[in-house]
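The next block holds one structure in the form of structure tokens; read it before the comments.
The values are calculated or read from the model by the stated rules, or taken from the named source; none is laboratory data. It should be emphasised that the depicted structure is a prediction, and the values quoted were computed from it without experimental measurement. When we count neighbours, we look across all protein chains shown, and the Cβ atoms used for this are built from the backbone with ideal geometry, even at glycine. To get the accessible areas, we keep the full protein, side chains included, count just its heavy atoms, and leave off ligands, DNA and RNA. Shrake-Rupley method; radii C 1.70, N 1.55, O 1.52, S 1.80 Å.
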Amino acid sequence: KRARMQKRIQKENEQYQKEMTSTYGLDQIIGHSRPIMEIYKTVALVINSSSTVLIQGESGTGKELIARAIHYNGQRRSKPFVVVNCAALPEQLLESELFGHVKGAFTGAFTARKGLFEEAEGGTCFLDEIGDMSMPLQAKLLRVIQERDIRRVGSNVPVHIDVRIIAATNQPLEHRVRHGLFREDLLYRLRVVPITLPPLRERKEDIPLLADYFLKRYCAEVNKEVSTFSSSAMDMMCQYSWPGNVRELQHSVERAVTLTTNTIILPEDLPESILYNFPADDDLPDIKLMTLAELEKRYFKKVLKETGGNKSEAARILGIDRRTLYRMAERYNIAIKDKEDDKGN
């Protein structure tokens, strides 16, 4: 019975590792801009080493995704990947979380406890928001990197560890070093392999690829058939500054897929922050300089273009039936042809 249970646990672990490797494969680093291609090359070169990596970039640029890609595609993939948010815990609690403690080390320490460095044995410890770590803890972390051992809180007995350290920050650590808030020697130890993730506004050529990736992902999750983005919706997304970076883009596409009733993502499906950021449509002349009939004709053509010629979708957006759509097309001398995806609707 124990042998069968052990075999089942082993198979479950193997399946988990396959799923993690697939989820965080190198192909999940989406983009063809020069900065992303350089990052892809660096990650591919560093995955099978144990060198310490420092990932820098604004919030939402995908620092943890890069850290997981390094871990789950490298030789440590079968061992734990442990995440520590250095900004989320007060100093004393963070020290105990990292290094563990012995019984009676402080009030409430009723039993001895392993720290996260020990829990990550053989694997990777991802130290997120490393710039917020206190100076005393920075000194202890420096010793861990140099000596590869830790001391639990309340103990002087060293415990050897084999852990790869990947650190991340959204702060310029050089600036914090100059202001005496971060140890320069620790910065050098962490920055063996530096990776800097650019904000999304500096790699806008990647927005269509990222948006399409998230569109397919969330369509599969909610079982919806949304084929693409309209050209105007994509134009709006490419002109938006994305202060929340890739994370904001991801959430915007998820929202659009969840709320849309269309077969393509239209501007009306996007968040207000994107709509209000978009400048007036220069293709549409000033209403005062055109007749109402001309305005109607131009808008009619615009809707047909945005829907890819899908008459059912165009009629729904215009609020008219199919027969009226054909009459308008005839009135404005606009040829519309039946398409395979529109037949039977």
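Going through the stretch 192-205 one residue at a time, which ones are over 11 Å from residue 145 (Cβ atoms) and not in a strand (DSSP E or B)?
Result: 197, 198, 199, 200, 201, 202, 203, 204, 205.
With the checklist (1) open to solvent by less than 60 Å² (accessible area, probe 1.4 Å); (2) over 27 Å from residue 26 (Cβ atoms); (3) under 31 Å from the mean Cα position of the chain (by Cα) in hand, flag the one item residue 73 doesn't pass.
(2)
When you scan the stretch 316-330, how many residues do you find that are touching a helix residue (DSSP H, G or I) at 6+ places or on another chain (Cβ under 7 Å) and either among the aromatic types (Phe, Trp, Tyr) or in a helix (DSSP H, G or I) (or both)?
5
Taking residue 106, is it aromatic (Phe, Trp, Tyr) and within 25 Å of the chain's Cα centre (by Cα)?
no
Can you tell me which condition residue 65 does not meet? The list is (1) in contact with a strand residue (DSSP E or B) (Cβ under 7 Å, 6 or more places away or on another chain); (2) farther than 18 Å from residue 152 by Cβ; (3) in a helix (DSSP H, G or I), and all the others hold.
If we test residue 65 against (1) in contact with a strand residue (DSSP E or B) (Cβ under 7 Å, 6 or more places away or on another chain); (2) farther than 18 Å from residue 152 by Cβ; (3) in a helix (DSSP H, G or I), just (1) comes out false.
Hey, does the stretch 174-191 have a residue that's open to solvent by less than 30 Å² (accessible area, probe 1.4 Å), over 17 Å from residue 120 (Cβ atoms) and either part of a helix (DSSP H, G or I) or free of Cβ contacts under 8 Å to residues at least 24 places away in the same chain (or both)?
Within the stretch 174-191, one or more residues are open to solvent by less than 30 Å² (accessible area, probe 1.4 Å), over 17 Å from residue 120 (Cβ atoms) and either part of a helix (DSSP H, G or I) or free of Cβ contacts under 8 Å to residues at least 24 places away in the same chain (or both).
Does the stretch 197-205 contain at least one residue that is hydrophobic (A, V, I, L, M, F, W, C), in contact with a Gly (Cβ under 9 Å, 6 or more places away or on another chain) and within 28 Å of residue 122 (Cα to Cα)?
Yes, that holds for at least one residue.
Which one of these is at pLDDT below 90 and among the charged types (D, E, K, R): 114, 204? Step through it out loud before you land on a result.
Values: 204 fails: at pLDDT below 90.
Exactly one of 114, 204 is at pLDDT below 90 and among the charged types (D, E, K, R), namely 114.
Kindly list the number of the only condition in (1) among the polar types (S, T, N, Q); (2) at positive phi; (3) buried (at least 18 other Cβ atoms within 10 Å of the Cβ) that fails for residue 223.
All conditions are met except number (3).
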